[in-house]
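Peer 1: The structure is given below, and queries will be raised subsequently.
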Amino acid sequence: MDHVFGQRRVYYNNFAEHLLNSYNPNMTHDRLPYCWSDRDWTALIEMLEAFGYNVFQYWLTPRLFCREGLTGEFGHKFTRQMNFITEQAHRHNLKVEFLCSLSTVGSEWHTLCPGIPSEWEECRYLWREWLSRLSGTDIVGIFPGDPGACSRHGCTALTFIDRANEIAALVKRHLPHAQIDLGTWGPPIFGWGIIQGPEGWQGEFIQKYQHTAWTFDKHRADETMAHLLRRLPDFPADTIVSINLGFNPDGIPNGDQDARPWARQIAATNPIQTWDFSLTEGENAILPHYRFQRLFEQRRRERDAAPYSGGICYTMTPRLNQLSLYEAAQSFIRPDDDYSEVAREFYRQVFGPGTEELVEHLPLFEIIKDWGNHLVFNLSREEYHGRMNRLAELLRGLENRLTPTIPFFPTPEIYRRELLFFAEMFAMLSGPAPDYDRLAGQYWQRVYAIYDQLPAHVDPRPHQAARKIIDFFRSWKGTALPQEHGPANGQWV
Ligand SMILES: [Zn+2]
């Protein structure tokens, strides 16, 4: 692969167990709703190809990366489904990549320590087993964590790089054709050597310590990246390094957290890609997204920085945010274009001509601040209410006159009904006297009801995320927007 900007356009579907929702495929709980059929997957892949993607990436989540995942029925179903997806992806010119945390295992997100021989042997066993089950994989991503990472028994970011090198060799033995993707996600290398735990900590996931994994220290960052450059020749020759523009959750290249000088040095020998999780959706902020100004600006920064061969377009809602998927792929292909025109073009293809006005109102869904959402609004609650009603009216007018000119999943009519649900929901929430509790219940039922059928997860963010939307409108009076309170969705604070 040569280093032409934007060549690798990676659809990253994060369907992990803490990001389940009605718009994401359920790949880990085979008896619960939202499982997709083979036909659904084929239709999605046809859409991705048409949108401009050439890599399908997913996370081999800790629930799968453990003994239970290998032996349980859900693990077998996952393997069959993934191998089917891989076959379809290849038929449609997409490579397939799985990424996996180096040593984080099981539904409880326990991180094993490479410094303990029996624990490291377990990690190597799990890697070997999954490589043999997913043998059609083209690219194997080795990822520091989030969740996960070890700082027990002297583990540091350097340990991660050295152990990732061992796993890269193991990958090459089992899948000689596969390319390695080495992730630097974090400040850099999420958590390794810096994540904290209580007295007697054995690597369990504990949410109140997660923010420590993002502790930035310039000396640590420099030492880590210098080590990575030193060890890179020991990795397979075509190893990709995923490195964002900045060593922070939003990939902002400011001050000491500017990663571009390192990215440039790596790009002299290896392809680099961004793994910028913040650009399209954030995490657990489920609504129709419209964050394209920053998306296109970031793409131009990536092009100017090194340049980057490509990067991820993250989604946890592929059945709702098809516009984001289209914009994200196109942002690599034509980063200088006007994102609003790209959106209008999208709706002409999906809903037909005369649908351009939708694009004026869609940004309003982003009124609630959240990870990666830097949009600023200045309008009154009353104006907002009026425009949401107008959007709902436009969407109602599109019923039954939809003939897409581009492959689309699931169907334009289902997509229209989902947009209408959100427009009506946000119109009601911003109305004069909303029944907030009833609307909160409606939102939960539409989006997150699957969690009512699951035991409490170690990560409680779906409940927080649903509450956050309702609370925003509850505290919005008149013109001034509610002040920020609490962490942005998806951020570990
Ligand atoms: Zn350790």
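Peer 1: Determine which member of the set GLY203, GLY197, GLY191 is within 12 Å of the ligand (Cβ to nearest atom), surrounded by 16 or more Cβ atoms within 10 Å (Cβ to Cβ), in contact (Cβ under 8 Å) with a residue 60 or more places away in the chain and outside any helix (DSSP H, G or I).
Peer 2: GLY203
Peer 1: If you don't mind, there's one more thing I want to ask. Just one of THR71, THR111, THR79, THR86 is at pLDDT 95 or above and either crowded, with 23+ Cβ neighbours inside 10 Å or within 16 Å of the ligand (Cβ to nearest atom) (or both); which is it?
Peer 2: Of THR71, THR111, THR79, THR86, the one residue that is at pLDDT 95 or above and either crowded, with 23+ Cβ neighbours inside 10 Å or within 16 Å of the ligand (Cβ to nearest atom) (or both) is THR111.
Peer 1: When GLY191 is evaluated against the numbered criteria (1) under 22 Å from the mean Cα position of the chain (by Cα); (2) closer than 20 Å to GLN57 by Cα, which criterion, by number, is the only one it fails?
Peer 2: (2)
Peer 1: Confirm whether ASN373 is at pLDDT below 95 and buried (at least 20 other Cβ atoms within 10 Å of the Cβ).
Peer 2: Here the answer is yes, as ASN373 does meet what is asked.
Peer 1: Does ASP238 satisfy the condition of being closer than 25 Å to GLN57 by Cα, touching a strand residue (DSSP E or B) at 6+ places or on another chain (Cβ under 8 Å), more than 16 Å from the ligand (Cβ to nearest atom) and open to solvent by 10 Å² or more (accessible area, probe 1.4 Å)?
Peer 2: yes
Peer 1: Test GLU199 against the criterion of being within 17 Å of PRO62 (Cβ to Cβ), acidic (Asp, Glu) and either out of contact with any Ser or Thr (no Cβ under 9 Å at 6 or more places or on another chain) or at pLDDT 95 or above (or both), and give yes or no.
Peer 2: No.
Peer 1: Please report, ordered by residue number, the helices (runs of 4 or more DSSP H) entirely within the range 297-361 with at least 1 residues that are touching a Gly at 6+ places or on another chain (Cβ under 9 Å) and closer than 25 Å to TRP371 by Cα.
Peer 2: Hits in the range 297-361: 322-333.
Peer 1: Just to check your reading of the model, which residue among ARG417, ARG390, ARG401, ARG396 is more than 23 Å from PHE292 (Cα to Cα), surrounded by fewer than 18 Cβ atoms within 10 Å (Cβ to Cβ) and modelled with pLDDT of 95 or more?
Peer 2: ARG396
Peer 1: Same structure, new question: Quick one: count up the residues across the range 148-166 that are open to solvent by less than 10 Å² (accessible area, probe 1.4 Å) and away from the ligand (no atom under 15 Å from the Cβ).
Peer 2: Within the range 148-166, residues that are open to solvent by less than 10 Å² (accessible area, probe 1.4 Å) and away from the ligand (no atom under 15 Å from the Cβ) number 0.
Peer 1: Answer yes if at least one residue in the range 450-468 is at pLDDT 95 or above, surrounded by 16 or more Cβ atoms within 10 Å (Cβ to Cβ), of a type in the set (Lys, Arg) and in a helix (DSSP H, G or I), and no otherwise.
Peer 2: no
Peer 1: Given the options ARG173, ARG260, name the one that is farther than 23 Å from PRO114 by Cβ and not hydroxyl-bearing (Ser, Thr, Tyr).
Peer 2: Of the residues listed, the single one that is farther than 23 Å from PRO114 by Cβ and not hydroxyl-bearing (Ser, Thr, Tyr) is ARG260.
Peer 1: A further question on this structure: Answer yes or no as to whether LEU364 is closer than 22 Å to PHE409 by Cβ and of a type outside the set (S, T, N, Q).
Peer 2: no
Peer 1: Whether any residue in the range 281-293 is part of a helix (DSSP H, G or I) and either aromatic (Phe, Trp, Tyr) or crowded, with 24+ Cβ neighbours inside 10 Å (or both) is what I want to check.
Peer 2: For the range 281-293, residues part of a helix (DSSP H, G or I) and either aromatic (Phe, Trp, Tyr) or crowded, with 24+ Cβ neighbours inside 10 Å (or both): present.
Peer 1: Could you tell me how many of the residues in the range 126-147 are away from the ligand (no atom under 16 Å from the Cβ) and either assigned to a loop (DSSP other than H, G, I, E, B) or farther than 29 Å from HIS177 by Cβ (or both)?
Peer 2: Total meeting the criteria: 6.
Peer 1: List every residue pair whose Cβ atoms sit under 7 Å apart, with the two residues 6 or more apart in sequence or on different chains, where the first one lies in the range 64-93 and is within 27 Å of TYR53 (Cα to Cα) and the second, anywhere, is surrounded by fewer than 14 Cβ atoms within 10 Å (Cβ to Cβ).
Peer 2: Close Cβ pairs (under 7 Å, with a partner that is surrounded by fewer than 14 Cβ atoms within 10 Å (Cβ to Cβ)) amount to PHE84/ASP38.
Peer 1: Can you name the residue in the range 176-188 that is out of contact with any strand residue (DSSP E or B) (no Cβ under 7 Å at 6 or more places or on another chain) and not in a helix (DSSP H, G or I) and, of all such residues, is least open to solvent (accessible area, probe 1.4 Å)?
Peer 2: Per the stated criteria, the residue is PRO176.
Peer 1: Taking HIS92, is it open to solvent by 50 Å² or more (accessible area, probe 1.4 Å) and either more than 16 Å from the ligand (Cβ to nearest atom) or not hydroxyl-bearing (Ser, Thr, Tyr) (or both)?
Peer 2: For HIS92, the condition - open to solvent by 50 Å² or more (accessible area, probe 1.4 Å) and either more than 16 Å from the ligand (Cβ to nearest atom) or not hydroxyl-bearing (Ser, Thr, Tyr) (or both) - is not met.
Peer 1: Further, regarding this structure: Could you tell me whether PRO410 is in contact (Cβ under 8 Å) with a residue 40 or more places away in the chain and open to solvent by 30 Å² or more (accessible area, probe 1.4 Å)?
Peer 2: Against the criterion (in contact (Cβ under 8 Å) with a residue 40 or more places away in the chain and open to solvent by 30 Å² or more (accessible area, probe 1.4 Å)), PRO410 does not qualify.
Peer 1: Check the range 47-68 and report whether any residue there is of a type in the set (Val, Ile, Thr) and under 14 Å from SER107 (Cβ atoms).
Peer 2: Taking every residue of the range 47-68 in turn, at least one turns out to be of a type in the set (Val, Ile, Thr) and under 14 Å from SER107 (Cβ atoms).
Peer 1: Just name the residue that is farthest from the chain's Cα centre (by Cα) out of those in the range 29-44 that are more than 15 Å from ILE414 (Cβ to Cβ) and either buried (at least 22 other Cβ atoms within 10 Å of the Cβ) or free of Cβ contacts under 8 Å to residues at least 24 places away in the same chain (or both).
Peer 2: ARG31
Peer 1: A follow-up question, please. State yes or no: is GLU121 open to solvent by 40 Å² or more (accessible area, probe 1.4 Å), of a type in the set (Asp, Glu) and more than 16 Å from the ligand (Cβ to nearest atom)?
Peer 2: no
Peer 1: I need a count of the residues in the range 95-108 that are within 16 Å of the ligand (Cβ to nearest atom) and either of a type in the set (A, V, I, L, M, F, W, C) or open to solvent by 30 Å² or more (accessible area, probe 1.4 Å) (or both).
Peer 2: Within the range 95-108, residues that are within 16 Å of the ligand (Cβ to nearest atom) and either of a type in the set (A, V, I, L, M, F, W, C) or open to solvent by 30 Å² or more (accessible area, probe 1.4 Å) (or both) number 2.
Peer 1: Hey, can you tell me all the residues within the range 210-226 that are part of a helix (DSSP H, G or I), away from the ligand (no atom under 15 Å from the Cβ) and not β-branched (Val, Ile, Thr)?
Peer 2: Residues satisfying the conditions are GLN210, HIS211, TRP214, LYS218, HIS219, ARG220, ALA221, ASP222, GLU223, MET225, ALA226.
The values are calculated or read from the model by the stated rules, or taken from the named source; none is laboratory data. Predicted model, so just to flag it, every value in this text is computed and none were measured. Cβ: placed from backbone, ideal geometry, glycine included. Neighbour counts: every protein chain shown. Protein only, heavy atoms only, side chains kept; ligands, DNA and RNA dropped before computing areas. Shrake-Rupley method; radii C 1.70, N 1.55, O 1.52, S 1.80 Å.
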